[in-house]
Structures are given as structure tokens and as C-alpha cells.
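Some notes on the structure that comes next.
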Amino acid sequence: MTEKLRVDKILSSTGRWSRKEVKDMVRAGRVTAGGVPISSAAEKFDMTADTIEVDGAEISWRKNTYLMMNKPPNVLSATSDRRSQTVLDLLPEDLRRIGLFPAGRLDRDSVGLLLLTDDGELAHNLLSPRKHVEKKYYVRVDGRLEEADVEAFRKGMLLPDGLQCLPANLEILSCEAGNEAIVTLREGKYHQIKRMMASRGKTVLFLQRLAIGSLTLDKNLAPGQWRLLSAAEIDALRELK
């Protein structure tokens, strides 16, 4: 049986109105269900079957929101910060108001795929160490990568600071400098790739996340741009549970 939700919760979750504004609109007769005025903001509806309108315009509603962003450099993967710009600051106001958060962070200077959602259960499953959801990155380092580095990543590392890293895949890309690679992790600890590379005597110059599980960065998104996930992309992420 589909869950019924209060009309003030339904409308406020779109980010366009606060609950107080919804109550005022209901009292003014501006909110209708199937053309019939709603008498109370506490009235409940099944949004898979019912239609709600505001000023005669049908409301498009979804239980949860899922966004893919191509994170630019020098932007924090956070919901708010007093001194620095965050990824939520790159969104329109209606999306900033619905409780989105980054499901897995990127460092300030790192770029690429960032998933923003208000689905806590999905985020937990993607980030849980027990799930081992793969994350794929492009990395460029100061120094030449060698087969010994590939083997060290493959075996897993105990870093000098005590961090134990699971086995990871390091694929050296064909380039004259020999300093580019694709790294695939099954975990996501703080500054992990930078720390793993540092233990091998290399400094990371550029880091871009390419994929989280089945979700791959859309090449059509310029840095700072975002789009809603498709139904197929959402379903594929849910299957990773």
C-alpha cells in the first residue's frame, strides 16, 4: 500500500514553499486536489494516484531527489560553510531548500562526479564500508608510475600513519610522462588516494572522480553543472544494496 503524506509535507518538499506558506495558501483556497479546494494542510494524499494543484497548476512531486554534479575545484562538498562556497550554493534555491547532501565527498581541489540526494538510506548503502561499492578516479601525479606501484595498490597498503587500505586497482595510462592512471577503490577514506600515492613517493596533481558503482560522470556536464538522475540510473544504484 502506498504511503499517504500530508499536503504541507508534499509541497514543502518541492523546495518552493515553507510549511507555513503552504498553510497560508491552503487557507486562501489556492491549493486543490483534482480541482477541489483542500480544507487543511494536514490532509493526506497518495501522490502516485492523486493530483495536487497550486493556483491551478499541477505539482510535479517525487519522494526523493537525486542529482549528478560535475564538481568544480575550490568548492566544498558540504551543505553549508560560512567562509567558502559549497556544492549546494551551485544549485537553484528550490533545490537548496529540500535537504540535499553529498553522498560521498570530494576534497576541495578534487573534481568530478558527486551525487547529491536526500535519500539517506541509499547514501548509507553507497558509503558503507561493508558494501565495497567501487569508486573510479582519474589521477595525475608528479613522478613516473611503475609496476611496483600497481603491485602495491593490488596488495593493499598499511600507510605510515597507520591507515590500512584495502586492495585497489591502479591502471597506468599510456602517456609519455607515465604519470596518469585510473584508480579503482572499494572504500573511500579521508584523502585516501593522495595518501596512498604519497606513500609511494608521488604527489597527486589532479584528481577526478569518474564513477560511483554503476553511476558514471556525464561527459556533457561542464564543471559546476548538474542534472537529475534518470529512473534507470536510480534503479541501478539501488541494486547495489
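Throughout, read-outs are computed from the coordinates displayed, never taken from laboratory work. What you see is a predicted model, and the numbers here were worked out from it, not measured in a lab. As a convention, Cβ positions derive from the backbone with ideal geometry for all residues, glycine included, and neighbour counts pool all protein chains shown.
What the table shows:
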item: Hey, Val36 aliphatic (A, V, I, L, M) and in contact with a strand residue (DSSP E or B) (Cβ under 8 Å, 6 or more places away or on another chain) or not; result: no
item: The stretch 28-42, residues that are over 18 Å from Ser60 (Cα atoms) and touching a residue at least 12 places away in the same chain (Cβ under 8 Å); result: Ser39, Ser40, Ala42
item: Any chance Asp149 is more than 23 Å from Ala198 (Cα to Cα), of a type outside the set (A, V, I, L, M) and without any contact (Cβ under 8 Å) to a residue 60 or more places away in the chain; result: no
item: Residue check, Leu88 in contact with a Lys or Arg (Cβ under 6 Å, 6 or more places away or on another chain), over 21 Å from Leu5 (Cβ atoms) and not charged (D, E, K, R); result: yes
item: Boolean, Ser128 is without any contact (Cβ under 8 Å) to a residue 12 or more places away in the chain, more than 30 Å from Leu229 (Cα to Cα) and among the hydroxyl-bearing types (Ser, Thr, Tyr); result: no
item: Count of residues meeting criterion [part of a loop (DSSP other than H, G, I, E, B), buried (at least 17 other Cβ atoms within 10 Å of the Cβ) and of a type in the set (A, V, I, L, M, F, W, C)] in the stretch 48-81; result: 1
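Here is a yes/no grid of residues against (1) of a type outside the set (Val, Ile, Thr); (2) out of contact with any strand residue (DSSP E or B) (no Cβ under 7 Å at 6 or more places or on another chain); (3) in a helix (DSSP H, G or I):
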| position | (1), (2), (3) |
| --- | --- |
| Leu116 | yes, no, no |
| Ala123 | yes, no, yes |
| Leu126 | yes, no, yes |
| Lys131 | yes, yes, no |
| Tyr137 | yes, no, no |
| Val141 | no, no, no |
| Arg144 | yes, yes, no |
| Ala148 | yes, yes, yes |
| Ala152 | yes, yes, yes |
